[in-house]
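See below for the structure under consideration.
The values are calculated or read from the model by the stated rules, or taken from the named source; none is laboratory data. What you see is a predicted model; the values in this text were computed from it and never measured. Here Cβ is always computed from backbone atoms with ideal geometry, including for glycine, and neighbour counts include all displayed protein chains.
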Amino acid sequence: MQRNIRSGVTFGIIAGFMTFIFGGWSVAIIGVLYGVGLGLSLGGRLKREAPLGMASQALPTAASAGGVLLVMSLIQNYIVAPAIGQFPADPSVVIPANLAGVLGGFIFTLITVALHGLPEKQERMGKLILLAVIVVAFPFVDTFARLNWLAQFIFALIFVILGMGLNIVVGYAGLLDLGYAAFFAIGAYTTGIFSSPQHNIYLNFWLVIWIAAAMAATFGLILGAPTLPLRGDYLAIVTLGFGEIIPVVFRNLTDVTIQDPLTCWIIPGITRLFGGQSGMACITLLSHMDVTAGERGINPIGRPYLPIIGMFTNAQPIPWYFLIIAIILLTIFLVNRLRASRLGRAWMAIREDQLAASQMGIDPVRTKLLAFAMGATFSGFAGAFYAAYISGIFPDVFDFSASILILCTVILGGMGNIYGVIVGGLVLLTADRLFLPALKDFLSGLLNHTVLPALASNPTLRAAVAQNANPILYRYLLFGLTLVIMMAVRPEGLIPSAQRRMELHEADEVPNAAASTSMKS
Amino acid sequence: MLELKDVHTYYGNIHALKGISLNVEKGEIVTLIGSNGAGKSTTLRTIQGINRPRSGTILLEGEELEKLPPHEIAIRGVAQSPEGRMIFPRMTVMENLEMGAYARKDKTGMSDDLERVFKLFPRLKERIGQKGGTLSGGEQQMLAMGRALMARPRILLLDEPSMGLSPILVELIFEIIQTINKEGTTILLVEQNALMALSIANRGYVIQTGEIVLSDTAPRLKENEMVRKSYLGIE
C-alpha cells in the first residue's frame, strides 16, 4: 500500500514539474496523461478483482497523486509563474485548468485501473478505446487550451513512422543501418520534385505519397545490394556512407545535363577518327536542369486536399494530425502483418543465424534486400508527409544526426518491438520538440527575473549566462546522456521485445528452466 | 540418390578434400568415419553448398548441386543437423521446428510431421515454449534433428550427433536415427564414434586427410584390421 502511495506521489511531482515548465492550461493534458500512466503501472500491481473493487483499491493512490498535483499547480500559478515573468494568474483560467488537470488525473487513474479488473479481452479492448479517446481528443483540447503543441507534436509522429520503418531493418532483420535518413530524404525529395513549381509538376499528394514510397523502396534495393556480403560493423559503415552521400547528391543536383552518348560522342568520335565531319546533331536530353534547387531547397510543395476539409494549411494542424495518425495506423497494420508473415520469420531467422537460416531454405540475399526495401517504404511515406507538411525541403534536414535520432528512437523504445518504438519516438521527439523549448523559455524567464538583473554591472558575464542557459544547445548532449543511461540501466529499451530481453539478459536465465515457466512468454 | 564424384574443396590454399567420391542409395544409412580434421564436416559443408568445391560434381537424384547456393540446396530436400547444432537460440522450440518447415511447399502435412517429431522426441514436446538456447546439449541435438525432419528431407545429413552427449543419450539418439531411417529417410551420418556409427549403418566410408581410404559394408568395416586399430581402438 505504501509503495502505491509513493508511486502516486512520484507521478504527482513529475506532473507538477511539467506544469512548472509548460505553465498555463498544460496542467489539463498533463493531468490526464499522468492519470493513464499511473493507472497502467498501478493496474498491473494491484490485486485483481472486479473493476469497482480495483478502482477503490486505487483510490488512495489517485487521491495522493491528485493532491500533490493540486498543490504544485497552485505553486506554479502563484509563485513560479510570477517568478518567470508571466502574468499574474487569472482566476478564470487557473480554476478550470487546475480543476481539469487534478480531476482529470484522478478520474483517469481510476478508469485505467478499473480496466484491469475486466476479463482479458475486454481489458485490452478498454485500453484501446481509452487510447483512441485520448488520441482523438488531444488536438481539440490542445486547440481549446491554446497550448499549440500540435504543430510540433506532428513532427514527433513523423519520427514514429520513421522509427517503425527502421525497426524492420535493425530490429527484425538485425542489419544496423546508420544512414536511414537517406530514404526519408528520397521520399521527401520525390514529393518535392513531383509536386512543386520547381519543375512545374503538380501531382496530387494522394498519388505522390505512393510514388515517394515506391521510390524510397527502389533505393532501398539499390543501396541494399552492395551491403549484402557485409556483416555487422562493415555493414554499418557502408550504410553510414550512403547516409552521407544522399544529402550531398541532393545538395548538388542543381545543374544536370544529360546528352545522348550515341549522337554526341560515339558517332562524332568515329567519324572524326576517319577524318570526316559528323553532320549529326547532338541530342541533349536534359540541359542545365536544376533538379533540387540545392541549398535553397524546394518550396512551396503541394499539399493534400480533401473534400469537406479543403486544402490542408499551416494554420490548421488538426487535419495534418489525423492524416499522420492514419498513416501510423496503416504502418502498424502493415508492419504487424509483415512480422507475422513468412518474410517476417525469415528476418528473425537471418538475425539469429544467417548460415542456419540459409540451411532452412531461406534466401539471405532476397530476405535482406526486402528488409531494406520494406524499411525504406515507410520512410517514403514519412518523407512525403514531411515535405507536404512544412511545404518545403532543404538538404541539411537529412544529415547524419537525423539518422542517429531515428536510430535512438528505436533503441530507446526497444528494438524489435513496434510499440516500444512508438513510445521511444514519442518520448524522444516530444522531449526535443516540446519539452526543451519550453524549458528554454522557463529558464530564460527565470534568469531574467532573478540572476540577470543582478549581473547588470558585468555585461559580458550577463550575456554569457543568458546565451548558455539554453537547453536546446545541449540537445545532442542530452540525447547522448539518455542513451548512455538507458544502455546502462535498461539496455533492452522501454518496451522491449521478448527476444531482445532474452538476448541481453541471457546470463540471468536459468538454463533448463522448467518448461512450464517459460510457456508463459 | 546422392552422389559425389571426385570433389575437391579448398580453404584458401589448403586442399581439404582431395577428390572425394561417395554415393548414398535411397533408404540407406551411410556413415563417414574418420579422425579429427580428416574432412568429414567439410564434406557435409560442401554438399550443403556452404563451401564450394573447386572441381567435381555433386548429384542429388541426377541434379547437380555444386553450383547452387545453400538455400537452394535446402529447398531441393537436403536437410542437415549440423555440428554444434546451430539451432536458433532465441526462438522457442516450436518456432525452431516451424523454421525447419520453412522451405516446404505443402503445409498440409505439417501437423502430422510435428506429431511425428514429438513422438520421436517426447522431450521436445515438454519444452515446446522454451527458448532453444536454454535447452541442454542433448535437447539441442534433438531439436536440430527434429527441425531437419520438419523439412521432410529426401536426405538427412547428420554431423556428429553424438558429440558432447552422455553415453545413455548417445544410445537414445542412435536408436532414433534408426527409427527415422526405417520410416523412410535416407541418412548420411558423419561420426567420430565409429563403433556406434558402424553398428547402425548399412555401409561406411573411411576418410583420412581429405581422401576416402576405405569403403565397404558396415559389418565388414567393423572387422577390418585398419579400422579396428585406428578408429575402434581394438588391438
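A few comments on the model shown:
- Test: A:Ile325 is modelled with pLDDT under 95, in a helix (DSSP H, G or I), surrounded by fewer than 22 Cβ atoms within 10 Å (Cβ to Cβ) and more than 14 Å from chain B (Cβ to nearest Cβ): no
- With respect to (1) at negative phi; (2) away from chain A (no Cβ under 14 Å), the lone exception for B:Gly164 is condition (1).
- For the stretch A:209-224, the condition holds for no residue, the condition being that it is within 20 Å of the chain's Cα centre (by Cα) and surrounded by fewer than 21 Cβ atoms within 10 Å (Cβ to Cβ).
- Note on the stretch A:342-357: residues that are facing chain B (nearest Cβ under 9 Å) and within 18 Å of B:Arg90 (Cβ to Cβ) total 10.
- Failed condition for A:Ile404, given (1) more than 14 Å from chain B (Cβ to nearest Cβ); (2) part of a helix (DSSP H, G or I); (3) more than 14 Å from the chain's Cα centre (by Cα): (3)
- Among the numbered conditions (1) under 24 Å from B:Arg45 (Cβ atoms); (2) hydrophobic (A, V, I, L, M, F, W, C); (3) buried (at least 16 other Cβ atoms within 10 Å of the Cβ), the only one that B:Val213 does not meet is (3).
- The conditions of being crowded, with 16+ Cβ neighbours inside 10 Å, among the acidic types (Asp, Glu) and farther than 21 Å from B:Val78 by Cβ are not met by B:Glu98.
Here is a yes/no grid of residues against (1) over 21 Å from A:Val397 (Cβ atoms); (2) free of Cβ contacts under 8 Å to residues at least 40 places away in the same chain; (3) part of a loop (DSSP other than H, G, I, E, B):
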position: A:Pro268; (1), (2), (3): yes, yes, no
position: A:Arg272; (1), (2), (3): yes, yes, no
position: A:Gly275; (1), (2), (3): yes, yes, yes
position: A:Thr292; (1), (2), (3): no, no, yes
position: A:Glu295; (1), (2), (3): no, no, no
position: A:Arg303; (1), (2), (3): no, no, yes
position: A:Ala315; (1), (2), (3): yes, yes, yes
position: A:Ile318; (1), (2), (3): yes, no, no
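- Filter pass, A:Ala466 being part of a helix (DSSP H, G or I) and either of a type in the set (A, V, I, L, M, F, W, C) or surrounded by 15 or more Cβ atoms within 10 Å (Cβ to Cβ) (or both): yes
- The one condition in (1) buried (at least 24 other Cβ atoms within 10 Å of the Cβ); (2) within 14 Å of another protein chain (Cβ to nearest Cβ) that A:Phe381 fails to fulfil: (2)
- Of all residues assigned to the stretch B:188-197, none qualifies as being under 24 Å from B:Lys26 (Cα atoms), within 20 Å of the chain's Cα centre (by Cα) and at the interface with chain A (Cβ under 10 Å from one of its Cβ atoms).
- Residue selection: B:Thr57 fails the criterion of being surrounded by fewer than 16 Cβ atoms within 10 Å (Cβ to Cβ), more than 14 Å from every other protein chain (Cβ to nearest Cβ) and outside any strand (DSSP E or B).
- Conditions (1) at pLDDT 85 or above; (2) closer than 16 Å to A:Gln57 by Cα; number of the one not met by A:Phe22: (2)
- Pick from the stretch A:122-160, criterion within 19 Å of A:Val36 (Cα to Cα) and among the charged types (D, E, K, R), ranking: nearest to the chain's Cα centre (by Cα): A:Asp142
- For A:Ile362: the one exception among (1) among the β-branched types (Val, Ile, Thr); (2) at the interface with another protein chain (Cβ under 9 Å from one of its Cβ atoms); (3) within 30 Å of A:Pro304 (Cα to Cα): (3)
- Once the stretch B:104-149 is narrowed to residues that are crowded, with 22+ Cβ neighbours inside 10 Å and in a loop (DSSP other than H, G, I, E, B), the residue that is farthest from the other protein chains (Cβ to nearest Cβ) is B:Phe121.
- Long-range neighbours under 7 Å by Cβ, at least six apart or interchain, first residue buried (at least 24 other Cβ atoms within 10 Å of the Cβ) within the stretch A:173-194, second part of a loop (DSSP other than H, G, I, E, B) and of a type in the set (S, T, N, Q): A:Tyr189/A:Thr292; A:Gly192/A:Gln198
- For the stretch B:17-37, the set of residues classified as of a type in the set (A, V, I, L, M) and buried (at least 22 other Cβ atoms within 10 Å of the Cβ) consists of B:Leu17, B:Ile20, B:Val24, B:Ile29, B:Val30, B:Leu32, B:Ile33, listed by residue number.
- One residue from B:Asn51, B:Asn96, B:Asn23 being within 14 Å of chain A (Cβ to nearest Cβ), not acidic (Asp, Glu) and not in a loop (DSSP other than H, G, I, E, B): B:Asn96
For (1) more than 12 Å from chain B (Cβ to nearest Cβ); (2) assigned to a loop (DSSP other than H, G, I, E, B); (3) modelled with pLDDT under 80, each residue gets a yes or a no:
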| site | (1), (2), (3) |
| --- | --- |
| A:Ala456 | yes, yes, yes |
| A:Leu461 | yes, no, no |
| A:Arg475 | yes, no, no |
| A:Phe479 | yes, no, no |
| A:Gly493 | yes, yes, no |
| A:Arg501 | no, no, yes |
| A:Ala513 | no, yes, yes |
| A:Ser516 | no, no, yes |
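- In the stretch B:26-48, the qualifying residues are those that are in contact with a helix residue (DSSP H, G or I) (Cβ under 6 Å, 6 or more places away or on another chain) and of a type outside the set (Val, Ile, Thr), and the one that is nearest to the other protein chains (Cβ to nearest Cβ) is B:Gln48.
- Residue under evaluation A:Gly361, criteria (1) assigned to a helix (DSSP H, G or I); (2) farther than 19 Å from A:Leu166 by Cα, criterion not met: (1)
- Considered as a group, the residues in the stretch B:184-230 that are acidic (Asp, Glu) and free of Cβ contacts under 8 Å to residues at least 40 places away in the same chain include one that is nearest to B:Val7 (Cα to Cα), and that residue is B:Asp216.
- Test: residue in the stretch B:99-112 that is within 19 Å of A:Ala356 (Cβ to Cβ) and among the aromatic types (Phe, Trp, Tyr): yes
- When B:Ile128, B:Ile177, B:Ile187 are checked against the criterion of being among the β-branched types (Val, Ile, Thr) and more than 24 Å from B:Lys222 (Cβ to Cβ), B:Ile128 stands alone in meeting it.
- Among all positions in the stretch B:63-78, there is at least one residue which is within 14 Å of chain A (Cβ to nearest Cβ), within 30 Å of A:Ala340 (Cα to Cα) and part of a strand (DSSP E or B).
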